[in-house]
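First up is the structure itself, then whatever we jot down about it.
The values are calculated or read from the model by the stated rules, or taken from the named source; none is laboratory data. This structure is a prediction, so every number in the text was calculated from the model and none was measured. Ideal geometry is used to build each Cβ from the backbone, glycine not excepted, and the neighbour counts take in all protein chains shown. All accessible areas refer to the heavy atoms of the entire protein, side chains included, with ligands and DNA or RNA removed. Shrake-Rupley method; radii C 1.70, N 1.55, O 1.52, S 1.80 Å.
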Amino acid sequence: MTALRKLQHEFLGYLLDSSATGIVGNIESSPRRSAEQRMTLYADAYELRLKEALSTDYERLHGYLGDDLFETLMQQYIENYPSHHPSLRFFGRHMIDLVERLEPFSHLPEVAEITRIETAFGNSFDAADCQGVTLDQLAGLNPEAWTTMKLCFHEAVQRLPQRYNSFKIWCALSNEEMPPQKTAQETTWLVWRQDLVSRYRALSNAEAAALDVAFSGGTFADLCEALLDHFSEEETPRQAAGYLQQWISTQMVCGLSTCQKLG
Amino acid sequence: MQFDEGDSDVTRPFLGFGLGLRTDHYSYILENRPAVDWFEILSENYMVPGGKPLDHLDRIRADYAMVMHGVSLSIGSTDALNMDYLKDLKQLIQRVQPGWVSDHLCWTSVNGTNSHDLLPLPYNEDTIAHVVDRVVQVQDYLGQRILLENLSSYVTYKSSEMNEWAFFNEIARRADCHILLDINNIFVSAHNHHFDPLDYLNGIDIDRVMQFHLAGHSSNGEMLIDTHDHDVCDPVWALYGTALKRFGAVSTMIERDDNIPEFPQLRQELAIAEDIAAKILPAEVLAPKMDYDRTA
């Protein structure tokens, strides 16, 4: 190991754990500022910068947990998930892993759900752009192509199955209102991006089932079959077409694969 | 320390006077198209797959010249160069078509872990050889010269064998790269390490300097901290004037990253830089001249 590499290891080691003071022996002290005091400036800035990133990404989670618990969460996150990406934008991406395994958060299921909501909005914000499928393209398909048609969704589209009223808690926090008490409320929520703005809505059980099929690579025929659990045989094709139309008109669909080329 | 006015006949691209592009100002810029010669973007903010950041970037770039400024190149790291990062950077360069691309003479990561801070290097021959080799590789990959910027620093390594400006200048010469001189960082480091900022200015080759940064800083009592959360202070303005006398017309911008004022207020601060330059340099050298499309 070169002297420079050793120095960098020791420097970073101190930022990650200030009891690892090997770096201090490499630093000049001045009459008014010891080497350790000078290194503390870097350690403090490191922690502050990472906390700022987490506070930005998980603002509502912070609001729900309050300052003390969120501080504990941030400390634990910084200790357990050092940054391996050049951009701070991606530093907090493992938060769900921590809240699902660390007490007391792991005993508060709504905390994981709120975390997933915030992560979903972060993902949606800068997900790759795509040229959405248009209703005209859909209308141009041969009737036979519908049966084998598969959908490709925009990366911003995310389904969030939730067991509690966490989205309502999140909404209240976003509006700076007192969040409601946690109550059991099974709903699948949808987050997507339309005209560059992230949006959300609750899904009916039928639409959630249809999306599950479409996301897992099922054809339009498979999707219709899944909807037979929710609608009559007569209603099903109209409902399925309605969902498809809505997904396309809200820019959720970025590709259709069929045996027929799109016009 | 005597000030060395140097040779001000150096020909370099001159963009004029710019500001750092910040999300707080997107709406104002798009709605008002304020008179600013150029914007400097933080490269990493736009190294994302898509969405609003890139949309805003494209719309603003359509009307303004831009340069790119990064914080994660980690040119001094002893890790291998991060080729994924460089690939993303190159892709962004192709999109933005910037006047130039800069980062810092520092290291930010080692062993694959990022500090997200600009950490100083020891100023010695081994480090020079290491950094020069990497700058050459980066410039070869990007197909263009890069600018490296001086830091504000708070520590001095026992293994340093020369002063910062000798180290900086030697790297720029050997790697054949350009210099982004941060006037505030010179002031901050001069205070923290007890050197004369004029020694620094006089130690830098005139023809290597392509850009100036100006910014505010804060104090923790004994040390000055490069926080970019205040207006540029009077001594830094004075140092800027001195730098203009030595280096001539150099594209200048103000960095503001915290406690960000409304755009018109920041624009007024930039006008101070324009006024100082107008008193020191002839009008003809202050007309932006640049050999690339100012609008994409």
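Listed values, structure above:
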quantity: With Cα atoms, 0 to 90° folded angle of helix A:109-125 axis to chain A main axis; calculated: 80
quantity: The stretch A:48-89: radius of gyration and largest Cα-Cα distance (Dmax), Å; calculated: 10.2, 29
quantity: For the stretch A:86-163, fraction of C-alpha pairs farther apart than 17 Å, in %; calculated: 63
quantity: Mean projected area (nm²) of the alpha-carbon convex hull when the stretch B:68-123 is viewed from all directions; calculated: 4.1
quantity: At least 18 Å along the helix axis (C-alpha) and Kyte average at least -1.0, DSSP helices within chain B; calculated: B:83-96, B:125-142, B:234-247, B:263-280
quantity: Gaussian network model of chain A, Cα within-10 Å springs - most flexible of A:Trp247, A:Trp192, A:Trp170; calculated: A:Trp247
quantity: Rg/Rh for the stretch B:197-256, where both radii come from Cα atoms and Rh is the Kirkwood radius; calculated: 0.99
quantity: Pairs from B:Lys52/B:Lys90; A:Lys168/B:Lys52; A:Lys168/B:Lys87; A:Lys51/B:Lys87; B:Lys90/B:Lys245 whose Cα-Cα separation, in the structure shown, is over 31 Å; calculated: A:Lys168/B:Lys87; B:Lys90/B:Lys245
quantity: Space enclosed by the convex hull of the alpha-carbon atoms of the stretch A:3-95, per residue, Å³; calculated: 111
quantity: When the stretch A:122-205 is reduced to its Cα atoms, the Kirkwood hydrodynamic radius in Å; calculated: 15.4
quantity: Hull volume in cubic angstrom per residue (convex hull over the Cα atoms of the stretch B:17-286); calculated: 129
quantity: Long-range tail of P(r) for chain A (Cα pairs > 27 Å, %); calculated: 53
quantity: Gaussian network model of chain B, springs between alpha carbon atoms under 10 Å - residue of B:Ile276, B:Ile254, B:Ile186 with greatest fluctuation; calculated: B:Ile276
quantity: Share, in percent, of DSSP beta bridges within the protein assembly as shown that are antiparallel, nearest 5; calculated: 50
quantity: For the stretch A:135-257, alpha-carbon Rg relative to the globular expectation (2.2 N^0.38 Å, N residues); calculated: 1.18
quantity: Angstrom value of the Kirkwood radius, inverse mean 1/r, which spans all Cα pairs in the stretch B:181-283; calculated: 14.0
quantity: Rounded D (µm²/s) - the protein assembly as shown, Kirkwood Rh over Cα pairs, Stokes-Einstein at 10 °C, 1.306 mPa s; calculated: 60
quantity: For the stretch B:87-234, Kirkwood radius (reciprocal of mean inverse C-alpha pair distance, Å); calculated: 16.2
quantity: Straight-distance crosslink candidates among lysines, where the alpha carbon sits under 18 Å from B:Lys158 and sequence neighbours closer than 8 are dropped; calculated: A:Lys6
quantity: Chains A and B, summed buried accessible surface - 1.4 Å probe, Å², nearest 100; calculated: 3700
quantity: Most mobile listed residue (A:His107, A:His85, A:His154) in chain A, GNM with C-alpha springs under 10 Å; calculated: A:His85
quantity: All-pairs Cα distance distribution in the stretch A:175-231, expressed in whole percent, bin size 5 Å; calculated: 4, 16, 17, 18, 18, 12, 8, 5, 2
quantity: Residue (of B:Gln139, B:Gly203, B:Ser218) at the positive-pole extreme of chain B, dipole from beta-carbon charges; calculated: B:Gln139
quantity: Fraction of beta bridges assigned by DSSP in the stretch B:17-286 that are antiparallel (%, nearest 5); calculated: 15
quantity: Value of relative contact order over the stretch B:1-142, rounded to a whole percent, pairs C-alpha under 8 Å and six or more apart; calculated: 20
quantity: Diffusion coefficient, µm² s⁻¹, Stokes-Einstein with Kirkwood Rh over alpha-carbon pairs of the stretch B:1-155 at 10 °C and 1.306 mPa s; calculated: 92
